[in-house]
Amino acid sequence: MVQHKAQLKKQQKRGVDFKKIKRKIGRKLPPPKNTTNTEVKSKAIILPEQSLASEKAGLAVSKKGLTLKELLQQTSHHNAKVRRDALIGIRDIFLKHPAQLKMHRLSVIEKLRERMSDEDRIVRETLYQLLKAVIFPACKEDNQGTFISLMMAYVFNAMTHLAFDVRLMAFKFFDLLVQHYPMSFSMYAEKIIQHYQEILQKNQFNLHDKGKLKSVLAGLAYCLSLLPDVNSSTENAVADPRILHAFESQLHEDGSAFPVTAKELMGLLPILVGGLQDFMPSVQIMPNLETQSFDCVLSLLKSIHLVVKFFVYGNPKVSPPSNRRDQDVLQMLLKKLFTVFPLNPTHQSSEKEDNRYFILNVIVSEIFFCLSDWSAPPSVFLEKFLVFLVDALSEKVCGTGKAFFQKHSLPLIRFIPKLMMQVDDTWKSHILQAFTEVFKKCDPESSMKLVCLSAIEEMLFPKNTWANATSDSEMLEFKISWIREIPLVLSLLGDKNPLSSKAVLRVQLELGQCGIMKSEFDSMQLSLREFYSTSHDGDISYGAFMKLPREIQEVCISCLYYFSFLDPSLLQSVAACCLSEDVDPFLLFRLLEVVSCGYRAGHIQIADYISFLITIPSRYTVFPEHSDKSNSGLFRRVTSGVCCCLSQIGDDHLVLKMVEGTLIHQISNMNTTNEAGLENACALLRMITRLDSNPTRLSEESISKLGNLLPGYLLHVVSNVGEEEDGRSRRRGYYVLPCFVLLSRSERIVYRVLKVMRTWTCEKPRIIAVVGVLLLMHDEDVRRGGGSGSGSGSGQIFKKIAAAPNCKEEIDGILHNIIRVMSDDDDDDDGYKLNMEEKHKLQYAYDRLKIIIGG
């Protein structure tokens, strides 16, 4: 019993190995006990100053918050969209923060240039727009050599890329670079032309790829326009080079900067001519000349023309070909082009298409006439080109209108002077007639007028000896027509187009210098008066001369000298310009010099010359020294110049007899109650003293008039020019000096002056001023040391007064009147009473005069 219970307990302690668990249907089974729990739990760790925004504080960022450094790194990302977005972000930063581009321009270029060979087309286009709109315009003033070197290394790399589209885009990048940095072509010209040859000669284009071909050809034409062109640089045409060719504004003056030689260009020319021949069927046979075909043909013709110009006019430093073999090669290559000239459609065409054909024919004509300058053109082609030239000038082959004609016919004009040496009389007459009509009809401010003036200048004044072989009688009628048109053009231009005005005046000046067609040159004067000034009822209206730049005004003034007889009315107009407040001091003296030289050369009559010299000082508007527009110093220099011109006319005595009456009459009509009038009167008195001698040679009538004029003049000097400051004392001396000189030279003038003053001392209001005049005469003499520039002064004047009985009598009368006025001052019958200060001045003056006269 006991043993059985023990065994039962032992079995209970042992347990069950596999306990069976009963599951209810529909309940979810629990996971096994040996299952690994893969759930991960974490908590955020927050540390201060760990934000990325705080690291970028103060840095320029894009719209997406990326810095320039981060964006440059992303331009090399494997994803094309990321590279494109990085370029857009760089653009945003540079537009908002331009200083960033200035600071990092070289590092930016070093990184961005890698994308020129990017395989993604959109990335390349985005880079192109970024360079065009933002980077190149902002870096134009920087060190171009370093900038160009960085770019060109990757441009050449892209030009040799396996992908055709990348190579094509490389030429577009280069074209953009050349437009902003023209020197980039001169630095790598030979290599660039070789790359153009490769891409054009391997037939990588077909006529269906005209859009791509157009871009390459346009870039080539622009590059070739930068080649040195001696004809354009040495002709010194009046017009801007841009009017002769769309691309000639960037020409380099130094041809030695181009490493290109004739060999590369001669290799390029057959490729261009071959490409042009491929397009000829579509140009002449197709129902319409579509835009892309026209653009391709236009660029091809421009390139051919520029290569031919280089051969014909090229800088000798660049070693263009010059032997007969090279000339034959060129003519042979271009013979087919000349054979199909003129390019005309074989079907009914629209006005727009006609104009396109006209543009192409003009360029072909340029090529032909350029070759004509180099060697004699084949006679079989010459006549049809002359027909086109005359029809073009007559506007028979161009229907759009005047503006289109003037724009595209310009290049033909410059060939006309040389054609006059090559064609017979019949063609010469036709060409000159058409040219003259164009010259008369075109607008004065147009580029056509400038080019016509340049051609006229070359035909009127040929610089080559062989050009002088043309008989003047063959062109006389046309020359007269051109010369008569010059003043009309000048009048129509006014001051609106200084460049055109300068061109017209240059022809006029050269016409006067050469001395040809003298009668026609002199007849211009009547038409030129309004160009300088006109006067109506005393009011002066200034012409375009006063508004033109100074350099053009100098040309105008120089033209005046060459008129064989300067018309008085034109001289009067010129004198009015001298009186303008706006005239440049240099031009004023230049006018005076040219008029003086014209008189000495016999081109101006003495009466007209003297009238001109008197007009300037008598009518010049003078502003006092204390005025904001003060010009008294200038006027005094002008007065000295006028006096010098007067003294150079001839015998002073004879000249004085001619002018003394006019000068004294002008002085009598002047208002000397102000400083402006005193300046004019003083100038005329100085002209009299310059011509007069000691003793005076003035007529009795002049002496009488001066005796009446000088007291009033001196009285106004004392009344209007104060004596408080040293400067004013010197001004007083300037005004009274010519009076002292006249008084010292003639006792009769002294007597008449004293006689007038004696009558004035009877009047209380004037007596103070009269006494002031007498004391001023003595004080100025003491200050000048007893004499004037002529050897006489106020001291000598008073000695003459004391020695001459009639003058002594007048002085005694003045002293007597002073005593009478002071003693009778209490009787206020005349309504004027002296105050204590005035009485003191009179007593002081009386005592001084007694001492002076007594001495």
Report task. Could you tell me which of the residues Leu663, Leu654 is surrounded by fewer than 19 Cβ atoms within 10 Å (Cβ to Cβ) and closer than 16 Å to Ala607 by Cβ? Result -> Leu654
Query raised in the report: Are any of the residues in the stretch 652-662 at pLDDT 90 or above and outside any helix (DSSP H, G or I)?
Result: no
Query - Test for Ser500: is it among the polar types (S, T, N, Q) and farther than 22 Å from Gly543 by Cβ - result: no
Query raised in the report: Can you name the helices (runs of 4 or more DSSP H) wholly within the stretch 24-117 that have at least 3 residues being of a type in the set (Lys, Arg) and at pLDDT 85 or above?
Result: 80-96
Report summary line: Note on Glu763: of the conditions (1) out of contact with any Lys or Arg (no Cβ under 7 Å at 6 or more places or on another chain); (2) acidic (Asp, Glu); (3) at pLDDT 85 or above, unmet is (3)
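Report whether or not Leu127 is outside any helix (DSSP H, G or I) and of a type in the set (A, V, I, L, M, F, W, C).
Here the answer is no, as Leu127 does not meet what is asked.
Being more than 28 Å from the chain's Cα centre (by Cα) and modelled with pLDDT of 90 or more narrows it down to one of Ser596, Ser573, so name that one.
It is Ser596.
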Requested in this report: Specify the residue that is surrounded by the fewest Cβ atoms within 10 Å (Cβ to Cβ); the eligible residues are those in the stretch 137-150 that are assigned to a helix (DSSP H, G or I) and out of contact with any Phe, Trp or Tyr (no Cβ under 8 Å at 6 or more places or on another chain).
Outcome: Pro137
Requested in this report: Confirm whether Tyr561 is under 21 Å from Leu587 (Cβ atoms), out of contact with any Ser or Thr (no Cβ under 9 Å at 6 or more places or on another chain) and either at pLDDT below 90 or among the hydroxyl-bearing types (Ser, Thr, Tyr) (or both).
Outcome: yes
Report task. Kindly list the number of the only condition in (1) open to solvent by 30 Å² or more (accessible area, probe 1.4 Å); (2) modelled with pLDDT of 85 or more; (3) in contact with a helix residue (DSSP H, G or I) (Cβ under 8 Å, 6 or more places away or on another chain); (4) farther than 22 Å from Ala544 by Cα that fails for Ser481. Result -> (1)
Query raised in the report: Which of (1) more than 26 Å from Ile610 (Cβ to Cβ); (2) open to solvent by less than 10 Å² (accessible area, probe 1.4 Å) does Cys682 not meet, given it meets every other one?
Result: (1)
Report task. Give the residue, chosen from Ser379, Ser409, Ser429, that is open to solvent by 50 Å² or more (accessible area, probe 1.4 Å), at pLDDT 85 or above and of a type in the set (Gly, Ala, Ser). Result -> Ser429
**Report entry** Qualifying positions in the stretch 689-699 - part of a helix (DSSP H, G or I) and either modelled with pLDDT under 90 or open to solvent by 90 Å² or more (accessible area, probe 1.4 Å) (or both)
**Finding:** Arg690
Report task. Identify all residues within the stretch 100-115 that are aliphatic (A, V, I, L, M) and open to solvent by 60 Å² or more (accessible area, probe 1.4 Å); write none if there are none. Result -> Met103, Leu106
Query raised in the report: Among the residues of the stretch 160-173, is there at least one that is at pLDDT 90 or above, open to solvent by less than 20 Å² (accessible area, probe 1.4 Å), in a helix (DSSP H, G or I) and farther than 16 Å from Glu114 by Cβ?
Result: yes
Requested in this report: Name every residue in the stretch 636-660 that is out of contact with any helix residue (DSSP H, G or I) (no Cβ under 8 Å at 6 or more places or on another chain) and of a type in the set (A, V, I, L, M, F, W, C), in order of residue number.
Outcome: Cys644, Leu654
Query raised in the report: Is the stretch 113-125 home to any residue that is closer than 29 Å to Lys191 by Cβ and small (Gly, Ala, Ser)?
Result: yes
Query - Enumeration of residues in the stretch 743-780 that are in contact (Cβ under 8 Å) with a residue 40 or more places away in the chain, open to solvent by 20 Å² or more (accessible area, probe 1.4 Å), over 19 Å from Arg848 (Cβ atoms) and β-branched (Val, Ile, Thr) - result: Val756
Query raised in the report: Within the set of pairs 6 or more residues apart or between chains, which connect a residue that is open to solvent by 50 Å² or more (accessible area, probe 1.4 Å) inside the stretch 709-727 to a residue that is modelled with pLDDT under 65 with Cβ atoms less than 7 Å apart?
Result: Glu723/Ser729
Report task. Return yes or no: is Ser527 without any contact (Cβ under 8 Å) to a residue 60 or more places away in the chain, over 26 Å from Phe635 (Cβ atoms) and open to solvent by 10 Å² or more (accessible area, probe 1.4 Å)? Result -> yes
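Select from the stretch 174-184 the residues that are open to solvent by less than 20 Å² (accessible area, probe 1.4 Å) and of a type in the set (A, V, I, L, M, F, W, C) and list them in ascending order.
Passing the criteria: Phe174, Leu176, Leu177, Val178.
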Requested in this report: Kindly indicate whether Phe612 is under 29 Å from Cys682 (Cβ atoms), open to solvent by less than 40 Å² (accessible area, probe 1.4 Å), in contact (Cβ under 8 Å) with a residue 24 or more places away in the chain and of a type in the set (Phe, Trp, Tyr).
Outcome: yes
Query - Pick from the stretch 616-630, criterion touching a residue at least 24 places away in the same chain (Cβ under 8 Å) and of a type outside the set (Val, Ile, Thr), ranking: nearest to Gly538 (Cα to Cα) - result: Arg619
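The values are calculated or read from the model by the stated rules, or taken from the named source; none is laboratory data. Keep in mind the model is a prediction, meaning the values are calculated, not measured. Here Cβ is always computed from backbone atoms with ideal geometry, including for glycine, and neighbour counts include all displayed protein chains. Please note that ligands, DNA and RNA were not included when accessible areas were found on the heavy atoms of the full protein model with its side chains. Shrake-Rupley method; radii C 1.70, N 1.55, O 1.52, S 1.80 Å.
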